[in-house]
Amino acid sequence: MAEDDADPSTILYIHPRREAFAHGLLPIPKLIFNDGIQTLGPLKDKLLERSSQSPNRRLDSLAISDVLQISPDHARLVLDTIACVLFSDSDPLVTASPDEVESVGVNVYDLVLFLYIQSYKRLLSRTHKDSASVADVWPSTSAFDGYLSALSPLQLVRSNSRRFMPSQADEEAHQLSYLQKHMANILSLLADSEVGEVKGEGECSLEVVSVENFEHLDYLVYFGERGSEKTPLSQSSPFFANSDPDMPAAPIPATQVHEWLLQKLASSLEHVSEIITSSKENGTAVVDQDVPMADAPPTSSTKSSINAKASNFIEGISKSSYLKQASDLKESSVKVVNCHESVIYILAPLKYATIYGCSDATVVLGAVGKTVRVEHCERVHVVLAAKRICVANCRECVFFIGVNQRPLMVGDNHKLQVAPYNTYYSQLEEHMKQVGIDATVNKWDEPVSLGVVDPHDSMSHPAGASDVQAESATNVDPDQFTNFLIPNWSDGETPGSTKDNPFKLPDPYKQSQQRNTDNLGELKQILRETQLDDSRKRELSSALHIYFKDWLYATGNIRQLYCLQGD
């Protein structure tokens, strides 16, 4: 049976690897080549020459810095970024500890693919479906200096002249179209020249793709269906599938590989376009392509009165508390979108996480083994243990983090603060071990700030923003540092062994914490020793309750009490 006549449910479509496009782009001008392979072709040759002494064609940051003419810090950032988005978890760069990254290095062909897609422009976002929910949340009396735009990050995303976050199907269609357009160039960068005979023309140079180089396309695409195991590209191709490792398949002409890939990309693009068209005609939301409709959560979601549309897509939580545990998630990535005045707990081991368009919220992520992206958020507190975090276009946010790589700040950020990790839950250390986070390494206070304007972002920035020096983040004052207490929610979960914060607190924060503990102990002692009659004791107790209640309302923590009360 021909593929065109096959049951659509049995067809394996080719998909873009979203991670490469969502987490693998760096706004460093020297890495962005808009002329296709005109510049990248000669650069590839230089990189191959530089890696000729390595048996696996790998380069460290010094070699990358020399060839690409970028700073050593930016070269290391390239290594760390590629490590976070590589397809194979068995790649030595992915499994390397922070102090092994340099000695392992990156494969030249993975580096070349990373460089090629730096020219990708993110999809211009769609209009928000609910105009009532896009009311301004930025205070009219801004805390910032007058030179800043009157538009906050959320207003920028939500105002009528702007757009809201595109659906995942829209993003996939956009990425498929990009790959269609650029696949000939991409294959040319993966190809080797081979001298062959052409009938009537004598010898000529022919571009061929070996199975080893073809497999590097897994950086960009994969075969598989939503919710199922992703199949490596070489195992789905008619050229290299089931080839004997001891007798590798012969290289294939690049034109032949290109023709096959274009057919697959066109078929997948048509399939995704049908889904988008059907959803618009039916007036329904486009569901996440990685999650079957049958896997959508039931009408009553754990500890939340508001439902997310899929187990890994949490959207529209407002004035509520929301919990997801490992047993609730079928995917290794999570997106938290358009959530406001809420506390959201995702206590699970993950590979990727995105927090987008949220305000006045607290988001607690368990352990994220690859990377977290926080974008267009205001007054959000983020508590997480992760390999890496990237913050883009945010204001007045505070990050309590345990991270193995330096935090990356890109775009138009203002008034950000960072602090050491400040919480734990019983399964935290097990989850961290599962995804490869090292608790002995925490670079929370070493942020890297890149330029204000992100060339990958189709959404324009506020007027004059390009002239403003990019802001990094300041450290939270140790006297203002507090621990965050996660309620003991272990329903349906195996109890863990974590009894305390696994990340070591820096001395100033540890001393501040000890002072607070000592002050509390002294206050309790004073109250116990103070001689008061019953009437005065009642007055004191009433005053303490009033101040505590005021603090609960002022900080928003009253919602957590309501949530716990309802359990």
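Take the residues in the stretch 410-434 that are among the aliphatic types (A, V, I, L, M) and modelled with pLDDT of 95 or more; name whichever of them is surrounded by the fewest Cβ atoms within 10 Å (Cβ to Cβ).
Here the residue is LEU416.
Anything in the stretch 52-81 that is assigned to a loop (DSSP other than H, G, I, E, B) and out of contact with any strand residue (DSSP E or B) (no Cβ under 6 Å at 6 or more places or on another chain)? List them, or say none.
Going through the stretch 52-81, the residues assigned to a loop (DSSP other than H, G, I, E, B) turn out to be 52-57, 60, 69-71.
SER52, GLN53, SER54, PRO55, ASN56, ASP60, GLN69, ILE70, SER71 - these are the residues of the stretch 52-81 that are assigned to a loop (DSSP other than H, G, I, E, B) and out of contact with any strand residue (DSSP E or B) (no Cβ under 6 Å at 6 or more places or on another chain).
Assess whether ARG58 counts as being in contact with a helix residue (DSSP H, G or I) (Cβ under 9 Å, 6 or more places away or on another chain), open to solvent by 30 Å² or more (accessible area, probe 1.4 Å), at pLDDT 85 or above and closer than 20 Å to TYR222 by Cα.
No, not satisfied.
Hey, could you check the stretch 435-457 for residues that are closer than 22 Å to VAL391 by Cβ and open to solvent by 50 Å² or more (accessible area, probe 1.4 Å) and say which is modelled with the lowest pLDDT?
My answer is VAL453.
Can you pull out every residue in the stretch 212-266 that is hydroxyl-bearing (Ser, Thr, Tyr), closer than 30 Å to VAL334 by Cβ and at pLDDT below 85? Steps first, please.
Step one: list which residues in the stretch 212-266 are hydroxyl-bearing (Ser, Thr, Tyr), which gives 219, 222, 228, 231, 234, 236-237, 243, 255.
Checking which are closer than 30 Å to VAL334 by Cβ leaves us with 219, 222, 228, 231, 234, 236.
Residues satisfying the conditions are SER228, THR231, SER234, SER236.
Name the residues in the stretch 501-551 that are loosely packed, with under 10 Cβ neighbours inside 10 Å and assigned to a loop (DSSP other than H, G, I, E, B), would you?
Passing the criteria: GLN531, ASP533.
How many residues are polar (S, T, N, Q) and surrounded by fewer than 23 Cβ atoms within 10 Å (Cβ to Cβ) when one looks only at the stretch 339-358?
Residues of the stretch 339-358 polar (S, T, N, Q): 342, 354.
Okay, now just the ones that are also surrounded by fewer than 23 Cβ atoms within 10 Å (Cβ to Cβ), so 354.
Of the residues in the stretch 339-358, 1 are polar (S, T, N, Q) and surrounded by fewer than 23 Cβ atoms within 10 Å (Cβ to Cβ).
For the stretch 110-133, state whether one or more residues are out of contact with any Lys or Arg (no Cβ under 8 Å at 6 or more places or on another chain), surrounded by 13 or more Cβ atoms within 10 Å (Cβ to Cβ), modelled with pLDDT under 85 and within 30 Å of PRO42 (Cα to Cα).
Checking the stretch 110-133: at least one residue is out of contact with any Lys or Arg (no Cβ under 8 Å at 6 or more places or on another chain), surrounded by 13 or more Cβ atoms within 10 Å (Cβ to Cβ), modelled with pLDDT under 85 and within 30 Å of PRO42 (Cα to Cα).
What pairs come up if the first residue lies in the stretch 28-42 and is closer than 16 Å to THR81 by Cβ, the second is of a type in the set (S, T, N, Q) and assigned to a helix (DSSP H, G or I), and their beta carbons are under 6 Å apart, counting only those six or more places apart or on different chains?
From the stretch 28-42, the pairs are LEU31/GLN118; ILE32/GLN118; ILE32/SER119.
Kindly list, by first and then second residue, each pair from a residue in the stretch 513-535 that is without any contact (Cβ under 8 Å) to a residue 40 or more places away in the chain to a residue that is surrounded by 10 or more Cβ atoms within 10 Å (Cβ to Cβ), limited to pairs with Cβ atoms under 8 Å and residues at least 6 apart or on different chains.
As it stands, the answer is GLN513/PHE481; GLN513/ASN483; GLN513/LEU505; ASN516/THR482; LEU527/LEU540; LEU532/LEU540, since those pairs meet every condition given.
Could you please find all residues in the stretch 76-107 being within 21 Å of ALA439 (Cα to Cα) and free of Cβ contacts under 8 Å to residues at least 12 places away in the same chain?
Answer for the stretch 76-107, where residues must be within 21 Å of ALA439 (Cα to Cα) and free of Cβ contacts under 8 Å to residues at least 12 places away in the same chain: ASP89, VAL94, ASP99, GLU100.
The values are calculated or read from the model by the stated rules, or taken from the named source; none is laboratory data. Since we're looking at a predicted model, the values are computed, not measured. Virtual Cβ from ideal backbone geometry, glycine too; neighbours counted across all protein chains shown. Quick note on the areas: whole protein, heavy atoms, side chains included, nothing else; ligands and nucleic acids left out. Shrake-Rupley method; radii C 1.70, N 1.55, O 1.52, S 1.80 Å.
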